[in-house]
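Inspection log for the structure reproduced underneath, given as structure tokens.
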Amino acid sequence: MITLPSEDPHGGTLRDLVPDLTPMLDILFILLVFFLLTAGTVFRAIDLKLPSSVEEELTLINEPKHIMLEIREGSYALNGVPIDSFQELRNALRDTLAAKPGYELIVAGDRRIAIEDLLKVLTYLQSQGIAAANILMQKETKP
């Protein structure tokens, strides 16, 4: 604190007007410590490749990451393309899986197909090394 001489010519009124600088010095010390601690931080940057247009980004997001195999009554369909025989299905499935590695396979069957048709397809998938496939089912509703 700032002290004034004892023989104050103003009668002590100047002493009452002197501010106490202790809180300001405390705040300055805290700020100094804060700046010293944060000055040594290392900033890291990540290189980003931004899309050139919104349409380019949307096509990447909306691209399906699965292959849909439908087992129909008397035929098959792979990604909506009808296939008549099991031999054609095997060839088309082999080509599609080779063209799209890492895609998820979804098997959807009509409720009227024989269980043998489903088992034939699942056995072929297992022989090709596809250990897991999603089987699409519809929940039965009671009338």
Name the residue that is farthest from Val121 (Cα to Cα), counting only residues in the stretch 40-93 that are polar (S, T, N, Q), surrounded by 10 or more Cβ atoms within 10 Å (Cβ to Cβ) and at pLDDT 80 or above. Asn79
Ala114, sole failed condition from (1) at pLDDT below 80; (2) within 16 Å of Glu70 (Cβ to Cβ): (1)
Subset of the stretch 11-23 that is of a type in the set (Val, Ile, Thr) and modelled with pLDDT under 85 - its residue that is nearest to the chain's Cα centre (by Cα): Val18
Options Asp8, Asp26: the member that is at pLDDT 80 or above, over 33 Å from the mean Cα position of the chain (by Cα) and either of a type in the set (Lys, Arg) or surrounded by 10 or more Cβ atoms within 10 Å (Cβ to Cβ) (or both): Asp26
First in the stretch 93-121 and within 12 Å of Glu73 (Cα to Cα), second anywhere and β-branched (Val, Ile, Thr) and assigned to a helix (DSSP H, G or I), Cβ under 9 Å, 6 or more apart: Gly109/Val121
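The values are calculated or read from the model by the stated rules, or taken from the named source; none is laboratory data. Note that the coordinates shown come from a computational prediction; the quantities given were computed from them, not determined experimentally. Here the Cβ is made from the backbone with ideal geometry for all residues, glycine too, and neighbour counts use every protein chain on show.
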